[in-house]
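The structure under discussion appears below in the form of structure tokens.
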């Protein structure tokens, strides 16, 4: 079968198209024939050799795969040939492994996919799983959060966050640096999308929230953007950092919090790896995501489709931030 491997970490050219033996389902496992493979930031970190949870080299990137069970190992009772499933590397013994035409996984790993969810949409479900953890489980203990600022609004997780927030009747504000990305984000459930390059982001956020600010700010950017998020918070608000693609915060976070002491603000750093050992909660977050998408409450953004053989080009697009929605490889 065809697969993509990294032998020597580096840029997109580090992705090597290889031919590997077809894996066989053994006791307690199933083989899934891939129909769609998601491309995301953890894949780029594996490619670069910098992922904190790096699999051993030669490594196969890929954190999510949707397909059909085509072989069932001895002793497996919950799956049958022909079942539609999603495989997330969050449920596998090690991360990565999904840039393949077929994958063998423990029988407890896959999620059953309803017919209502297309394979190319299913690989956005881990983003919705993450969005549910960020939005519903990490609001500083406040059950009354009614407004949220989501930076990097055109990204895959951000669009899931916006739709989920709207489903829960929250006011959704976003940031995006280009007019095209702001326009795209507005189609994904945002009430307003602002340009973060302008210097008065907190004032503009407050103007859209009756002068109060937002209850929750969710930020994958870092740099000055995270500091702006702190200044955009309402009293008792919480800012959550779940990535720092632009680097660490531009100012001392604790000093900023002390300067805003009268608002009693909170900060959290979040990773889905929090749930690596919490199988029940992790899988419940994903099952809830599947139910929401199947019911039409949240929809995946239109994907950019490429064949598996063009994984390098997919990573060129990923690195450059040139696409909105999910990049999906098709075997």
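Derivation of every value follows stated rules applied to the coordinates shown; laboratory data play no part. Because the structure is a prediction, the values reported are computed rather than measured. Counting neighbours? That spans all protein chains shown, and the Cβs are built from the backbone with ideal geometry, glycine included.
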I want to verify a result. In a Gaussian network model of the chain, Cα cutoff 10 Å, which of these has the top mean-square fluctuation: 321, 67, 152?
321
When only alpha-carbon atoms are used, what values of Rg and Dmax, in angstrom, describe the stretch 126-272?
13.5, 38
Distance in nm between residue 179 and residue 250 label points, each 7 Å along Cα→Cβ, equals 2.4
Residues in the stretch 34-67 that a label on residue 309 would reach, taking backbone N under 19 Å of a point 7 Å out along Cα→Cβ:
34-37
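Quick one: if you take sqrt(5λ) for each eigenvalue of the C-alpha gyration tensor of the chain, what semi-axes come out, biggest first, whole angstrom? Spell out each step's value before the answer.
Numbers: eigenvalues 259, 86, 63 Å².
Ellipsoid semi-axes (Å, largest first): 36, 21, 18.
Between residue 207 and residue 112, 0.36 nm times their residue separation minus their Cα-Cα distance comes to what? Don't skip to the end; give the middle numbers.
Working: separation 95, 0.36 × 95 = 34.20 nm, distance 4.43 nm.
Using 0.36 nm per residue and subtracting the Cα-Cα distance, I get 29.8 nm.
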Can you tell me which of 56, 110, 196 moves the most in a GNM of the chain? Springs connect C-alpha atoms under 10 Å apart.
56
Put one equal scatterer on each alpha carbon of the stretch 218-331, apply the Debye formula with no solvent term, and list log10 I(q)/I(0) at q = 0.10, 0.15, 0.18 1/Å to two decimals.
-0.49, -0.97, -1.10
Compute a Gaussian network model of the chain, connecting alpha carbons closer than 10 Å, and tell me which residue from 93, 202, 220 fluctuates the most.
93
Any idea what angle helix 125-137 forms with the longest principal axis of the chain, computed on alpha-carbon atoms, 0 to 90 degrees, nearest 10?
40
Got a sec? How would 115, 310 order by Cβ neighbour count within 10 Å, fewest to most?
115, 310
Inter-part distance where the stretch 172-211 and the stretch 246-263 are each reduced to a Cα centre, Å
21
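Sort 254, 275 so the one with the fewest other Cβ atoms within 10 Å of its own Cβ comes first. Write down the numbers at each step before the final one.
On the way: 254 9, 275 19.
In increasing order of surrounding Cβ atoms, one gets 254, 275.
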Stokes-Einstein diffusion coefficient of the stretch 1-149, Kirkwood radius over Cα pairs, 37 °C, 0.692 mPa s, in µm²/s:
200
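What share of the DSSP beta bridges in the chain is antiparallel, in percent to the nearest 5? Write out the running numbers ahead of the final one.
Working: 29 of 52 bridges.
Of the beta bridges lying entirely in the chain, close to 55 percent run antiparallel.
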I need the Kirkwood Rh of the stretch 96-212: take the reciprocal of the average 1/r across all distinct C-alpha pairs and report it in angstrom.
16.1
Going by how many other Cβ atoms sit within 10 Å of their own, how do 167, 273 line up, fewest first?
273, 167
In whole Å, how far is the Cα centre of the stretch 37-91 from that of the stretch 277-299?
17
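Using only DSSP helix segments of four residues or longer, with each worth -39500 (n - 2.57), what per-residue ellipticity at 222 nm results for the chain after dividing by its residue count and rounding to 500? If you can, show how the numbers build up before the last one.
Values: 10 runs with 94 residues, N = 331.
Mean residue ellipticity at 222 nm (helix-derived): -8000 deg cm²/dmol.
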